[in-house]
Amino acid sequence: MDDNKNLFKQIQALYRGLFAFVVAFALIGVGLIAYMNNPQLFTSDITASETEYVPIPEDDSDKIEDGVHVRTGFVEADGLMETVNNCTNCHSSELVLQNRMSKENWIATIRWMQETQNLWDLGGNEEIIVAYLVKNYPVIKKGRRGALTDIEWYDL
Amino acid sequence: MKRRFFIEKTALASMSTLLGAEIVLGATMPDGYTPLAFQEPDPFKMFGKDREMVVLNSKPWNMEAQAHLLDDKITPSKFMFIRNNGLIPENIDVANWSLTIDGESVETKKTYSLAELKSKFKHYSYQLTLECGGNGRSEFDPPAKGNQWTIGAVSCATWTGVRLRDVLEDAGIQNTAVYIGYHAVDSHLSRDPNKEPISRGAPMAKALQDETLLAFEMNGDDIPLANGYPLRLVAGGWPASVSGKWINRISIRNKVHDGTKMMGTAYRVPCNPVGPGEKVKDEDMCIIESMPVKSLITYPKTGAKITSGKKLNIRGHAWAGELEVSKMEYSIDFGATWRICPLEKPSNRLAWQHFSASISFPEKGYYEVWARATDSQNTAQPMLLPGWNPKGYLNNASHRIAIKVV
């Protein structure tokens, strides 16, 4: 009888153990699946979760490294953000950076964009933007034909 | 924002994979197609271009080749420049694509499905030189506004399609016809649906040439999306902006087409020569038609060092807009003396021509090889920049490569 009772208890213990194991296994499995889909599941910091979602520089839109606005490539100087905010909505910053113009020609370009390209009235920012461009991206004299530059020499 | 959306979609997709459920997006999208908005911002992968291509502008997309990339006789897609005025269409519905011929001077306004165009009219293939009107703009002084193209906005691919003439004649051309103007489905940079990014065209004489095509194939394949899939005009020898991409309508006009980029300084140069930086009134500007004579040394790449006593083999292409190139020369002494080099005939009218030469250098040192083509009307490339113009078009100055003999 004692032996029988003992055996019954042992079986009960084994069942409990097995059940606990199965429950633990299921919990870990569900947790793993959830974690694979959202690695931030166990992180309570909401902003950290946002950062993980968008690992592109757009999130760091005002980051400046070595004096250059990372997202656009514009140099850091007075008028930078006015230029970024008004001149990179329709076209990329590359289009601005490629060009070198006098104050008069930048203003003419702004007028052309306002007349034909849906650019808004820049208000007081116009002067700031034009001053920024003229100062930081001055016209370089090229003459009638430049020397060949940036040659990477190699053995043929 | 778009990127975040993409990642969420991916998470959803992998979630549904884990759950063993059907991926909803996968069922409605054609194989291998990812909406532009969701794509990685890797333009080389996105457009199937070689990584040595140079991105000038990411919005709108503008990309050019370098001289040594253009060595092939027929330009492969991976080396073909991309020039956009607006945003590349995102949802091309080929099955329902149609082309309408209308305008003041059409006999009967007609609409053709793409399948109809392909089945109803005879197909033709030509090698056609397409060069951006602003190719070489970067060298002008004072600088000209716009993308600063160096030398790589030129190509010569094999284009297959139907003759524009056959389609225009099928709709009927009234004798009042002066010009054709194209319309396309790309969107304006401001996304204003009432604005066209570009709508140019050509005089009837150019529109009716044998080689002016409504093309649906490039080098035997569908035209790449960034180069005009599924239907574009190809008018070789003229500024490539005449060869409208993604077109769905062509108007036969009873006057010079007045679409976007036909007016003002766009694709126009002063009718009479002006000094550098001079202001030119709109009415004194004339539309560019044929591109000028030009050439490129495509082999070797600039910067080659060779051992003394060895010959240098060079090769490249020359083209002359509407005309043929009749003579090709090179100089190794900064233009003091020129030597004529062999030049092949074009495979068809408006195709670029190939030249080659074997050069001996008299002694060790630094050299530049300059190339100069002359067209059938005896006009040659200038060694310095040609006439300045407000938008910096038509720079056909001699191409130069640097060589060291060591």
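Listing for the model above:
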item: Ranking of B:TYR366, B:TYR112 by count of other Cβ atoms within 10 Å, fewest first; result: B:TYR366, B:TYR112
item: In degrees, nearest ten, helix B:2-19 long axis to first principal axis of chain B (Cα); result: 60
item: Long-range HN-HN contacts of B:ASN62 with modeled amide H, under 5 Å; result: B:LEU56, B:ASN57
item: Compactness of the range B:80-213 - radius of gyration and Dmax, Cα, Å; result: 17.1, 51
item: Residue order, fewest to most surrounding Cβ atoms within 10 angstrom, among B:SER326, B:SER105, A:SER61, B:SER358; result: B:SER358, A:SER61, B:SER326, B:SER105
item: Qualifying GluC sites (Glu not before Pro) in the range A:61-156, DSSP loop, other Cβ atoms within 10 Å at most 10; result: A:GLU152
item: Cysteines without a disulfide-compatible neighbour (Cβ-Cβ under 4.7 Å), chain B; result: B:CYS132, B:CYS156, B:CYS341
item: For B:SER187, net neighbour charge (Lys/Arg +1, Asp/Glu -1) across residues whose Cβ lies under 11 Å away; result: -2
item: Residues B:HIS317, B:HIS123, B:HIS354 arranged by fewest to most Cβ contacts within 10 Å; result: B:HIS123, B:HIS354, B:HIS317
item: Antiparallel %, DSSP beta bridges [both residues in chain B], to 5; result: 90
item: Under-5 Å amide H pairs with A:VAL68, H placed in peptide plane, nonlocal only; result: A:GLU76
item: Cross-link partners of A:LYS103 among lysines (Cα-Cα below 21 Å; sequence separation of 8 or more within a chain); result: A:LYS135, A:LYS141, A:LYS142, B:LYS145, B:LYS279, B:LYS281, B:LYS391
item: Two-decimal ratio, the range B:294-405, of alpha-carbon radius of gyration to 2.2 N^0.38 Å; result: 1.09
item: Values of log10 I(q)/I(0), in the order q = 0.09 Å⁻¹, for chain B under a Debye, Cα-only, solvent-free model; result: -0.59
item: Cβ-based net charge around B:SER138, under 11 Å, with every Lys or Arg adding one and every Asp or Glu removing one; result: 0
item: Whole-angstrom Cα spans of the range A:60-136 along principal axes, big to small; result: 35, 24, 22
item: Proximal aspartates and glutamates relative to B:LYS206, as straight alpha-carbon distance under 12 Å, when same-chain residues fewer than 8 apart are discounted; result: B:GLU289, B:GLU322
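Here, each number is a calculation from the coordinates, and none is a lab measurement. On a predicted model such as this, the values are computed, not experimentally measured, just so you know. Don't worry about glycine lacking a Cβ; one is built from the backbone with ideal geometry, like all the others, and counts go over all protein chains shown.
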